[in-house]
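These notes are about the structure you will find just below.
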Amino acid sequence: MVGRSAPRPGARQPPATKSTRAEACRNITSASDWWQLLKIDALTLREIHVRLKSSFETSFGKIWERRILLVEARSEGLSGWGEVTAGEGPFYNPETTDTSWSIFCNFVAPLAIGKNIEGPGDVPTLFAPIRGHEMTKAALENALWDIESQRRGVPLASLLGGTAREIACGVSLGIQTNPEALLSIVERELDAGYQRIKIKIKPGKDLEFIAAVRKRFPAVRLMVDANSAYHLEQAAHLKEFDAYDLMMIEQPLAWDDIFDHAKLQSQMRTPICLDESIHNASHARAAIELGACRIINIKLGRVGGHSEARRVQEICRQRSMPVWSGGMLETGIGRAHNIAMSSLPGFTLPGDISASQRYWDEDIIDPEVEVTPKGTIVVPTIPGLGYSVRRKRIEQLTVRQQVFHAKNSGVSVEGAA
Ligand code: OSB
Ligand code: MG
């Protein structure tokens with residue numbers, strides 16, 4: 001499906017009558033209905049404000065209040081949801097909540113609204129003229145995958161090619177003031193069942209913390225994430241990490257580098273995992289062929305949506321490179337998409353996908369994401385995202401929204417602050 005062009009003029013059109021949700025599902029399930037196009041009738045972009053239960057500190061900053069954009073797409077009575085995973089500032093990657101709002105309203109929505117496409121696999125081609133802005137494009141593409149799985153009456157995970165019934169979960173722990181504070185959090189998360197611990201590090205807050213966790217928990221599956229806080233000149237220091245039996249060090253060098261990571265990997269025993277530098281399947285191929293990493297973190301937003309995420313995992317699987325799903329402090333909508341993606345065959349390592357209650361007092365989906373005592377999430381088996389979206393709660397949290405309607409001639413836009 002990936003890479004197909006937009007529908008040709010004269011292609012058969014979907015029925016003119018407005019289907020109910022049940023009819024829409026029925027209409028598409030028979031094999032003879034393969035031609036039924038996915039019609040993008042309306043889009044709503046919302047900004048919600050939500051407060052994390054506790055602050056989260058990385059090498060690039062500390063966050064407590066989140067400003068998150070949600071995309072709702074509508075097609076013939078069905079509604080699908082996606083989440084923009086950009087941060088509030090351009091410190092993880094160049095996208096932010098505000099750049100995303102602007103790019104979505106000015107470029108992404110106008111390209112998509114009113115279009116009839118064969119399926120969400122056509123979206124990368126549709127958005128190809130827009131360079132970068134992967135997280136913004138991903139939110140809409142993923143919303144359409146949600147709709148497509150409802151149209152076909154299959155769970156999103158199966159539609160994507162996922163086979164796992166449960167996915168393995170780890171936690172990502174922010175930088176703490178001292179090793180003792182970190183140890184008590186690690187203990188709590190291991191008691192909750194999580195299968196691996198990731199700790200955020202930066203120069204001055206690394207070896208002492210790693211050594212303390214390793215000493216107290218000799219057998220724990222442990223990894224670190226530097227979020228680009230080091231330079232190749234610090235290779236001798238980074239090599240000291242080899243003494244602690246880490247599963248991997250995530251993105252030690254620059255956010256846009258692959259080449260220096262290859263130089264560093266050739267000097268280190270600890271596997272390097274790339275996060276920030278991998279935006280698409282071709283970056284993944286370059287990183288693998290250069291020997292820049294031994295593991296890849298796939299973030300659905302960072303690579304532009306489910307289509308590209310599948311291509312990245314496929315390239316990695318062919319080359320026996322393990323992958324896992326990263327997280328971006330998402331609400332339940334982004335989390336549900338990450339769960340579906342993680343059911344794909346290449347995802348052999350525990351991801352940064354943990355329970356809603358670790359982040360939020362109250363999530364925006366029902367049921368909330370829960371983790372079993374053995375540190376897994378059960379992949380939903382109902383059509384769509386597998387969780388219902390709590391529209392009332394979202395409305396309460398919304399600070400601005402913009403609605404785009406397909407009209408016979410062009411687009412109509414309706415905004416509300
Ligand atoms: O590098 O994985 C990262 C959060 C924000 C930005 C970057 C990262 C992270 C996390 C959190 O590690 C993962 C999560 O629990 O969602
Ligand atoms: Mg990371």
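At a glance:
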item: Residue-averaged [θ]222 nm for the chain, counting only DSSP H segments that reach four residues, each worth -39500 (n - 2.57); result: -8500 deg cm²/dmol
item: Protein accessible area in the chain, 1.4 Å probe - carbon and sulfur %; result: 52
item: Potential lengthening between Asp256 and Thr381 on full extension [0.36 nm per residue; Cα-Cα distance subtracted]; result: 41.3 nm
item: Stretch in the chain that is longest and holds no chymotrypsin sites (Phe, Trp or Tyr not before Pro) that DSSP places in a loop and that have at most 13 other beta carbons within 10 Å; result: 36-417
item: Centre separation in Å (Cα based) which lies between segment 105-131 and segment 273-317; result: 22
item: Accessible surface, per residue, of the chain when the full set of protein chains is kept, probe 1.4 Å, Å²; result: 41
item: Under the Karplus curve 6.51 cos²θ - 1.76 cosθ + 1.60, θ = phi - 60°, whole-Hz ³J(HN,Hα) for segment 155-172, x wherever Gly or Pro sits; result: x, 3, 4, 5, 4, 6, x, x, 10, 5, 8, 9, 10, 8, 10, x, 10, 10
item: Förster radius 41 Å - calculated FRET efficiency between Asp366 and Ser102 (Cβ-Cβ, nearest 0.05); result: 0.85
item: Cα-Cα separations in segment 237-352 greater than 21 Å, expressed as whole percent; result: 33
item: Normalised contact order of the chain, rounded percent, pairs of Cα under 8 Å and 6 or more residues apart; result: 20
item: Of Lys200/Lys392; Lys137/Lys374; Lys62/Lys198; Lys299/Lys407, pairs whose Cα-Cα distance is over 26 Å; result: Lys200/Lys392; Lys137/Lys374; Lys299/Lys407
item: Heavy atoms of Asp245 accessible to a 1.4 Å probe, total area in Å² rounded to 10; result: 120
item: Principal-axis tilt of helix 306-318 within the chain, Cα atoms, nearest 10 degrees; result: 50
item: Gaussian network model of the chain, springs between alpha carbon atoms under 10 Å - residue of Arg216, Arg310, Arg165 with greatest fluctuation; result: Arg216
item: Residue order for Cys273, Cys105 - accessible surface, 1.4 angstrom probe, largest first; result: Cys105, Cys273
item: Segment Asp245-Arg216, length gained on full extension (0.36 nm per residue, minus Cα span); result: 9.1 nm
item: Modelled label reach - Lys53, point 7 Å along Cα→Cβ, segment 175-196 residues with backbone N closer than 18 Å; result: 175-176, 182-196
item: Per-residue SASA entry for Leu111, accessible area with 1.4 Å probe, Å² rounded to 10; result: 50
item: For the chain: span of alpha carbons on each principal axis (Å, largest first); result: 66, 43, 37
item: Acute angle (nearest 10 degrees) that the helix 179-191 long axis makes with the longest principal axis of the chain, alpha-carbon atoms; result: 50
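The values are calculated or read from the model by the stated rules, or taken from the named source; none is laboratory data. These numbers come from a predicted model, not from an experiment. Using ideal geometry, Cβ is built from the backbone for each residue, glycine included, and neighbour counts are taken over all protein chains shown. Note: areas computed on protein heavy atoms with side chains; ligands, DNA, RNA excluded. Shrake-Rupley method; radii C 1.70, N 1.55, O 1.52, S 1.80 Å.
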